[in-house]
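Report on the following structure.
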Amino acid sequence: MLIKDIMTPHPVTVRPETGVQEVARLLVERNISPLPVVDGSGKLVGIVREEGVIFQDKKAHLPTFINLSIGFLTLGAKKFEDEIKKITASRAQDIMEKKVLTVDARVTLEDAATMMIEKGSYYLPVVENGALIGVITKKDIVRAIAAGKR
């Protein structure tokens, strides 16, 4: 069985400029996580997890500031800048993960399950020529196994 046979086609998505509050609303109302972020041509550019929304709402108090200051010294300017952006985020692009494990629609169910286990990622956007065409989750795989579609 191939991923295209059990994936969720046309998933709910947001654009990079979508506000964090709208992202949070979609995550709650649609009971989904993560949420794919696509550009104007439908190309996958990242995903927003609930953790990103929660991190954005974190208060920057003195210990956090000190930790961030130490982080600047230990993590470097780029990582420090990314952490500050997450706290002050207002758009999906500010809190999204840009490095996303993806899968092709022609991958077998077994290969996708193996990838999920080995990589510890139970959500795989399905892409074709860079464009998002669906998503597959661990629940989709379990549902297929339960239905005898292996």
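At a Förster radius of 25 Å, what calculated FRET efficiency corresponds to the Cβ-Cβ distance of E29 and V142, to the nearest 0.05?
It comes to 0.55.
Based on the mean of other Cβ atoms within 10 Å per residue, sort peptides 113-122, 131-140 so the most packed one is first.
131-140, 113-122
Only the coordinates and a few stated rules stand behind these numbers; no lab work does. Predicted, not measured: the structure shown is a model, and the values here were computed from it. No Cβ is skipped: glycine too gets one built from the backbone with ideal geometry, and neighbour counts run over all protein chains shown.
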